[in-house]
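Undergrad: Let me give you the structure first, and then I'll get to my questions.
The values are calculated or read from the model by the stated rules, or taken from the named source; none is laboratory data. Because the structure is predicted, anything quoted here is derived from the model rather than measured. Because the Cβ atoms are built from the backbone with ideal geometry, glycine has one as well, and the counts that use them run over all protein chains shown. Side chains are part of the model used for accessible areas, which takes the heavy atoms of the whole protein and leaves out ligands, DNA and RNA. Shrake-Rupley method; radii C 1.70, N 1.55, O 1.52, S 1.80 Å.
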Amino acid sequence: MPADFDITIIGGGVIGLACARALASDASVLLVEQHALFGSETSSRNSEVIHAGLYYPSGSLKERLCIHGREALYRYCDTADIPHRKTGKLIVAPYRHHPELARLQTKGSALGIPLQRLDATSIRELEPLVEAQEALYSPETGIIDSHLYMQRLAQDAERLGGVLMKQTGFVSALPEESHWRLSLNTDDGLCNITSRQIINAAGLHSHRVALACGTPSGQLPPLYFCRGHYFSYQAKAPFQRLIYPLPEKNLAGLGIHATLDLGGQVRFGPDTEYLNTTEADYSVSPALRDQFASAVRSYFPALDAEQLQPAYAGIRPKLSGPGEASADFALIVDERDSIPPLLHLLGIESPGLTSSLALADEVRQRLITM
């Protein structure tokens, strides 16, 4: 008997939605999302930055997909009428001839990423309130309305024939000859469907989904939950561009930076806090204000700490633990014999939003060879 669907995607965040859009024109696609809204976890709790592709290990999926994804995302925003803006970004150094700044400039040049080296005078001309001795200016960095972006992806996927189901929890999947039998928890109770292939794009829940598909734990890298907090700045916006400190080695993020939303509001974050649980806690303690103020004053000494207000938090599904070098995206094929195709997308953190369209194309190409 033919399967109900060619491909079932588990997880309706930005990656699952991008995959549904990329695949729906050539296959029958079902996407299942456990929440009432698409992208209500990691995909909507980030900086909404379109990254240039500068920070990631050479030759990594993160680097390649970020660069290709950035170009594709700007094109898609233009054609699909998605609010976005190339704000540009300053990566600031506290002293001249900083070796990390030089390394990033060399790396950007090799990758074809436009960058401009600025001295203190040029920095003040662009951003009078920023205190730094040198900086790299990245004109290709921008911001996006991630919520409308996900709406457009969902609309495209459905227009192409994809079936997208919210409030539908994945329970388990069992191989049956040439297809999978999936058990799903819906508003009407448990139901079963069959699918020739499965894509696990469940983000924070990706390891649980993998185990529920029968994938041995030995095939999966460790997963860590890493929370990042954001504070909004209630005073008049002090910057017109994104301001990033130099990334520090062995940190899980890029440091507490200044980003803008499309309304011009400034927010600072994220910090990094590894959690000892896989329960998603999105609280932001006001007690973090002093820590944020200290970090931000390294490049914005005129900060008024009283204007910092807790905003929101996000949790990143990381494959690297505290103090470890950042791990690459992991696209893992279940290696058991004689099972239908099963692809796990693991550790899709930053720059997942920027990379989403390119990652979806990567998934499509890999499915062709499975």
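Undergrad: What does the convex hull of the Cα atoms come to per residue for the range 84-179, in Å³? Numbers along the way, then the final one.
TA: Numbers: hull volume 22.7 nm³, N = 96.
Per-residue hull volume (Cα only) is 237 Å³.
Undergrad: Extending each Cα 7 Å along its Cβ direction at ARG336 and ALA302, get the distance between those two points in nm, one decimal.
TA: 6.2 nm
Undergrad: Here is a further query. To the nearest 500 deg cm²/dmol, what mean residue ellipticity at 222 nm is calculated for the chain from DSSP H runs of n ≥ 4 alone, each contributing -39,500 (n - 2.57), summed and divided by the residues? Working shown, then result.
TA: Details: 8 runs with 97 residues, N = 370.
After summing the helix terms and dividing by residue count, I get -8000 deg cm²/dmol.
Undergrad: Place a label point 7 angstrom from the Cα of GLN219 along the Cα-to-Cβ direction, then list the residues of the range 328-367 whose backbone nitrogen is under 12 Å away.
TA: Answer for the range 328-367: 332-345.
Undergrad: For ASP145, what accessible area in Å² do you get when you roll a 1.4 Å probe over the heavy atoms of the protein chains, rounding to the nearest 10?
TA: Here the accessible area works out near 40 Å².
Undergrad: Got the relative contact order for the chain handy, in percent, Cα pairs under 8 Å and 6 or more residues apart?
TA: Averaging sequence separation for qualifying contacts and normalising by length gives 24 percent for the chain.
Undergrad: In Å and from the alpha-carbon atoms only, list the Rg and Dmax of the chain.
TA: Values for the chain (Cα only, Rg and Dmax): 21.1, 71 Å.
Undergrad: Another one. Can you tell me the alpha carbon radius of gyration of the range 81-240 divided by the globular rule-of-thumb value 2.2 N^0.38 Å? Display every interim value, and only then the final one.
TA: Values: Rg = 23.7 Å, N = 160, 2.2 N^0.38 = 15.1 Å.
For the range 81-240, the normalised Cα radius of gyration is 1.57.
Undergrad: Ok, one more. Counting only the heavy atoms of the protein chains, how much of HIS98 is accessible to a 1.4 Å probe, in Å² to the nearest 10?
TA: Roughly 30 Å² of HIS98 is accessible to a 1.4 Å probe.
Undergrad: State, to one decimal in nm, how far the label point of GLU71 lies from the label point of SER285, with both points 7 Å from Cα in the Cβ direction.
TA: 4.5 nm
Undergrad: Related question: Can you give the % of DSSP beta bridges in the chain that are antiparallel, to the nearest 5?
TA: Details: 50 of 69 bridges.
If I count the DSSP bridges inside the chain, around 70 percent turn out antiparallel.
Undergrad: Right, here's the next one. Could you tell me which of the pairs LYS107/LYS236; LYS86/LYS318; LYS89/LYS166; LYS62/LYS236; LYS62/LYS86 are separated by over 32 angstrom between their Cα atoms in the structure shown? Show your work: numbers first, answer last.
TA: Numbers: LYS107/LYS236 35 Å; LYS86/LYS318 28 Å; LYS89/LYS166 36 Å; LYS62/LYS236 35 Å; LYS62/LYS86 21 Å.
Over 32 Å apart, Cα to Cα: LYS107/LYS236; LYS89/LYS166; LYS62/LYS236.
Undergrad: Can you give me the solvent accessible area of CYS77 with a 1.4 Å probe, rounded to the nearest 10 Å²?
TA: 0 Å²
Undergrad: Of all DSSP beta bridges in the range 197-348, what percent run antiparallel (nearest 5)? Walk me through the numbers on the way to the answer.
TA: Values: 23 of 26 bridges.
Looking only at bridges with both residues in the range 197-348, the antiparallel portion is about 90 percent.
Undergrad: Where Rh is the Kirkwood radius over the Cα pairs of the range 193-259, the temperature 25 °C and the viscosity 0.890 mPa s, what D in µm²/s does Stokes-Einstein return?
TA: Roughly 151 µm²/s, to the nearest whole number.
Undergrad: Hey, what angle do you get for helix 352-369 against the long axis of the chain, alpha-carbon based, 0 to 90 degrees rounded to 10?
TA: 30 degrees
Undergrad: Oh, and also: If you stretched the chain out fully between GLU100 and SER178, how much longer would it get, using 0.36 nm times the residue separation minus the C-alpha to C-alpha distance? Could you put the intermediate results ahead of the total?
TA: On the way: separation 78, 0.36 × 78 = 28.08 nm, distance 5.16 nm.
Stretched out fully, the GLU100 to SER178 stretch lengthens by 22.9 nm.
Undergrad: Please list the radius of gyration and Dmax for the range 145-206, considering alpha-carbon atoms only, with Å as the unit.
TA: Spelled out, the Cα radius of gyration and Dmax of the range 145-206 are 13.7, 43 Å.
Undergrad: What nm distance separates the two modelled labels at ASN276 and ILE368, each placed 7 Å from Cα along Cα→Cβ?
TA: Taking the two extended label points, one gets 4.9 nm.
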